[in-house]
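Note sheet for the following structure.
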């Protein structure tokens, strides 16, 4: 696998991170047709990533190999107005290239994110992913996460 460095993302990483996040969204589409990816997803992802880099209440980390970015994680701080603890670190995206998933890259990326989010004021960490994504369920469960919220959908005709 070679040496992997976990670091904060820079603007110059935006295109590679956007590619990873589009891959994540395409993977999500395999779990449910309501996650169908739009044709201009790459453009949306690039803007999304650019707006995240350096933003005060967000975190964007990359796992960088010797030649490319092999994983990325995006999170943001959210206030929980009615609950204690009152501040959550909310992981909105995490994607590791398939050939690097069985190693420790994901665990290292998550660990660094949790430390960074804690230093930003997070008291709990929440990860969001499709309910049928058993890989993510196992990954987070193995690291002490548990189910907290259920989302139900009804498509309007």
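Structure above, values below:
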quantity	calculated
Lone qualifier among 111, 151, 141 - being within 24 Å of residue 27 (Cβ to Cβ), at pLDDT below 95 and not in a strand (DSSP E or B)	151
Identity of the residue in the stretch 1-22, at pLDDT 95 or above, in contact with a strand residue (DSSP E or B) (Cβ under 8 Å, 6 or more places away or on another chain) and surrounded by 16 or more Cβ atoms within 10 Å (Cβ to Cβ), that ends up nearest to residue 53 (Cα to Cα)	9
Residues that are within 13 Å of the chain's Cα centre (by Cα) and closer than 20 Å to residue 76 by Cβ, drawn from the stretch 97-116	106, 109, 110, 111, 112, 113, 114
Residue identified as crowded, with 16+ Cβ neighbours inside 10 Å, out of contact with any helix residue (DSSP H, G or I) (no Cβ under 8 Å at 6 or more places or on another chain) and more than 16 Å from residue 20 (Cβ to Cβ) among 102, 80, 112	112
Only one of 137, 92 that is under 16 Å from the mean Cα position of the chain (by Cα) and within 17 Å of residue 52 (Cβ to Cβ)	92
Count of the stretch 1-55 residues which are touching a residue at least 60 places away in the same chain (Cβ under 8 Å), in contact with a helix residue (DSSP H, G or I) (Cβ under 7 Å, 6 or more places away or on another chain) and part of a helix (DSSP H, G or I)	3
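The values are calculated or read from the model by the stated rules, or taken from the named source; none is laboratory data. Just so it is clear, the model here is predicted, and its values are computed rather than measured. Ideal geometry is used to build each Cβ from the backbone, glycine not excepted, and the neighbour counts take in all protein chains shown.
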